[in-house]
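Here the structure comes first, spelled out in structure tokens, and everything after it is commentary.
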Ligand SMILES: [Zn+2]
């Protein structure tokens, strides 16, 4: 895993985002799958990086941000795509949900205009938490 600082061209927010590799970042960026955690704008670009200096607790702010994002959100697991689509179509009551989607599924949702937002950090499904 590597972390990049991303600058949002829409709201000016700088955020940290984790990727499996630089190629992973390039793929998500090219596919329009990146989204600003503050405003969900896809207009993110890699910020100039300072030389990598280990920072104690550098993960804390983004982890807190994600906790904040998920506070009132319901885990829907692999039913995320159909749930998000149903809410978008007005077939289900709108609520905050999070769950799992493949890269292709997320791309489909975005192209249908469904407002989905990738999470900054991987989520452990509640069913796997002891
Ligand atoms: Zn933004």
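Things to note:
- Note on residue 74 and residue 112: the model spin-label points, each 7 Å out from Cα along the C-beta direction, lie 1.8 nm apart.
- Taking other Cβ atoms within 10 Å as a rough exposure proxy, 88, 98 sort from fewest to most as 88, 98.
- From helices alone, the chain scores -8500 deg cm²/dmol at 222 nm; the rule is -39500 (n - 2.57) for each run of n ≥ 4 DSSP H residues, then divide by the residue total.
- Shape call, the range 65-130: gyration tensor on alpha carbons, a/c limit 1.5: prolate
- Extension gain for the segment residue 13 to residue 38, taken as residue separation times 0.36 nm less the Cα-Cα distance, is 8.3 nm to one decimal.
- Largest first and in whole Å, the equivalent-ellipsoid semi-axes of the chain read 26, 18, 14, each the square root of five times a Cα gyration tensor eigenvalue.
- Placing dummy labels 7 Å off each Cα toward the beta-carbon, the span from residue 46 to residue 26 is 0.9 nm.
- Only beta bridges with both residues in the chain are counted; by DSSP, about 75 percent of them are antiparallel.
- Across the chain, Cα pairs under 8 Å and at least six residues apart give a relative contact order of 23 percent.
- Between 0 and 90°, nearest 10: helix 60-70 axis offset from the chain longest Cα axis: 10
Read-outs: derived from the displayed coordinates by stated rules, not from any lab. Computed from a prediction, not measured in an experiment: that's the story for all the values here. A quick note on method: Cβ atoms are made from the backbone with ideal geometry, for glycine too, and the neighbour counts reach across all protein chains shown.
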